[in-house]
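To keep things clear, I will list the structure first and then write my remarks on it.
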Amino acid sequence: SFLRYNEEKKKWSGKLKKFKESIVHAQAQLAERKIFSDHWQLCIHHYIGTFAASQSAVEREREARSAFQSEGWASEVHFSFGTILPENLPINAPGNNFDDFIELTNIYYDPAIRTKHTDVGGVTHLGLGYAGCALPLVLDHNTPNNSVALLWAETEGGEREGGVIAPPMSPLFRRRQRHV
């Protein structure tokens, strides 16, 4: 959700794009006055991130840089992470033997947890969490939706599209939803 390219619309979206748009809007309101000094740099700190996210954030920003370049945009963008989770943490990482558990994410799954907000992650079956991240992660303040859905998803189950009967999902760790 930080920065992604929409192939259909042929444009960038995400939190970084929204931040850039807010700068452009604010600068237009201020007319001749500047928000930032010349050659300012943007430092983005994530408290926690997966190994894959630490790599892809830098790569995506590099790819988007030409689309973002305009007067008033950062001369450089720097990323830092308080914690980078190990590369082998996703339960579906090569060499991990969680096939039986992954099968449970298919058996005990209710497609009702899918929303327009989760669709932007690129996967429609959320058994392994948002964007298929497959994290066995619970934080003290919330359970991320990119964690395995068996940890956080809550539904009543029932009949779904195509006459499929979905099981109810009872979370081990409740998730505070930000999108309704």
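Matching residues to (1) assigned to a loop (DSSP other than H, G, I, E, B); (2) on the phi > 0 side of the Ramachandran plot:
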{"site": "Gly95", "(1), (2)": "yes, yes"}
{"site": "Ile102", "(1), (2)": "no, no"}
{"site": "Asn106", "(1), (2)": "no, no"}
{"site": "Arg178", "(1), (2)": "yes, no"}
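Within region 144-152, is even one residue outside any loop (DSSP other than H, G, I, E, B) and among the polar types (S, T, N, Q)? Looking for residues that are outside any loop (DSSP other than H, G, I, E, B) and among the polar types (S, T, N, Q), one finds at least one in region 144-152, hence yes. Which pairs turn up if I take residues in region 52-72 that are touching a residue at least 24 places away in the same chain (Cβ under 8 Å) and among the charged types (D, E, K, R) and look for partners that are in a helix (DSSP H, G or I) and surrounded by 15 or more Cβ atoms within 10 Å (Cβ to Cβ) with beta carbon separation below 9 Å, at least 6 apart in sequence or on another chain? Between residues of region 52-72 that are touching a residue at least 24 places away in the same chain (Cβ under 8 Å) and among the charged types (D, E, K, R) and residues that are in a helix (DSSP H, G or I) and surrounded by 15 or more Cβ atoms within 10 Å (Cβ to Cβ), the close pairs are Arg60/Leu16; Glu61/Leu16; Glu61/Phe68.
Within region 105-115, being within 19 Å of Glu156 (Cβ to Cβ) and open to solvent by 40 Å² or more (accessible area, probe 1.4 Å) holds for Ile107, Tyr108, Pro111, Ala112, Arg114, Thr115. Just wondering, is there one or more residues in region 76-91 that are farther than 30 Å from Gly127 by Cα, of a type in the set (Phe, Trp, Tyr) and in contact (Cβ under 8 Å) with a residue 12 or more places away in the chain? No: region 76-91 contains no residue that is farther than 30 Å from Gly127 by Cα, of a type in the set (Phe, Trp, Tyr) and in contact (Cβ under 8 Å) with a residue 12 or more places away in the chain. Scanning region 116-138 for residues that are over 17 Å from Ser170 (Cβ atoms), open to solvent by less than 50 Å² (accessible area, probe 1.4 Å) and either touching a residue at least 40 places away in the same chain (Cβ under 8 Å) or of a type outside the set (A, V, I, L, M) (or both) yields Thr118, Gly121, Tyr130, Gly132, Cys133, Ala134, Leu135, Leu137. Taking strands (runs of 3 or more DSSP E) as the structural unit, those lying wholly within region 1-93 and holding at least 2 residues that are open to solvent by 90 Å² or more (accessible area, probe 1.4 Å) and under 29 Å from Gly129 (Cβ atoms) correspond to 41-49.
If you go through region 50-103 and pick out every residue that is closer than 18 Å to Ser1 by Cα and not aliphatic (A, V, I, L, M), you end up with 16.
The values are calculated or read from the model by the stated rules, or taken from the named source; none is laboratory data. As the structure is a computational prediction, the values presented were derived from the model and not from experiment. Reconstructed Cβ throughout: ideal geometry from the backbone, glycine too, with neighbour counts over all protein chains shown. With ligands, DNA and RNA removed, areas are computed over all heavy atoms of the protein, side chains included. Shrake-Rupley method; radii C 1.70, N 1.55, O 1.52, S 1.80 Å.
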